[in-house]
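To keep things clear, I will list the structure first and then write my remarks on it.
The values are calculated or read from the model by the stated rules, or taken from the named source; none is laboratory data. Remember, predicted model here, so these are calculated numbers, not experimental data. Note that we place each Cβ from the backbone using ideal geometry, even for glycine, and neighbour counts take in every protein chain shown. Ligands, DNA and RNA are excluded from the accessible area calculation, which covers all protein heavy atoms including side chains. Shrake-Rupley method; radii C 1.70, N 1.55, O 1.52, S 1.80 Å.
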Amino acid sequence: WPVIVTAVLAFLIILGGTILFIIPGIIFMIWYGFFHYIVILDDKRGMAALGASKVLVVGRWWAIVWRTIIPALIFTIINFAISAGLSSAITVIPMPIFLLAAISSLLIFLANSITYPLYTAAGLILYKNAKDNPAGHEFPTVTPPQT
């Protein structure tokens with residue numbers, strides 16, 4: 001239930017931002033993209049989970065955007081290739097249209113079953129990385145020895 005309640009809160013905030021304008025909706029979507037990991041792994045709920053998600057993103061918004069978009073794009077292409085390849089392979093077999101549609105749906109489900117864990121793993125890795133490396137963390141500078 002905490003995940004569902006927080007998802008509804010995130011949806012309403014993102015929807016409100018999108019209604020205001022497209023750009024705020026995208027910003028909110030990236031800010032609150034980690035809420036489900038925070039609810040499940042950090043046992044925070046509601047606005048606390050959304051606030052913690054935003055804290056992980058602030059200061060490195062573009063880095064999070066690219067690390068979200070690129071894997072999603074790659075996995076979407078893989079999903080499409082698997083789905084299209086399998087679906088086109090069965091169209092050469094003569095069969096009733098309802099059976100063709102059922103098998104095609106099953107193959108698309110199979111492709112989604114293969115790629116969805118990749119989406120989830122990429123998001124989890126990004127979350128763990130953001131959590132383990134806070135924004136604004138400065139590495140100590142090493143000064144070279146004087147000669």
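Couple of notes before you dig in:
- Single unsatisfied condition, T18 versus (1) under 16 Å from K131 (Cβ atoms); (2) open to solvent by 30 Å² or more (accessible area, probe 1.4 Å): (1)
- I27 being loosely packed, with under 12 Cβ neighbours inside 10 Å and more than 20 Å from T115 (Cα to Cα): no
- Residue pairs whose Cβ atoms lie under 8 Å apart, sitting 6 or more positions apart in sequence or on different chains, and linking a residue in the stretch 21-33 that is in contact (Cβ under 8 Å) with a residue 60 or more places away in the chain to a partner that is open to solvent by 30 Å² or more (accessible area, probe 1.4 Å), are G33/T68.
- Out of S105, S88, S53, S113, sole residue that is touching a residue at least 12 places away in the same chain (Cβ under 8 Å) and out of contact with any strand residue (DSSP E or B) (no Cβ under 8 Å at 6 or more places or on another chain): S53
- Boolean, W61 is closer than 20 Å to N133 by Cβ and touching a residue at least 24 places away in the same chain (Cβ under 8 Å): yes
- Members of the stretch 9-27 found to be at pLDDT 80 or above and either of a type in the set (A, V, I, L, M) or closer than 19 Å to V58 by Cα (or both), listed by number: L9, A10, L12, I13, I14, L15, I26, I27
- Residues being touching a Gly at 6+ places or on another chain (Cβ under 7 Å) and of a type in the set (G, A, S) - total across the stretch 51-100: 2
- Hits in the stretch 35-82 - residues which are over 19 Å from I125 (Cβ atoms) and among the acidic types (D, E): D43
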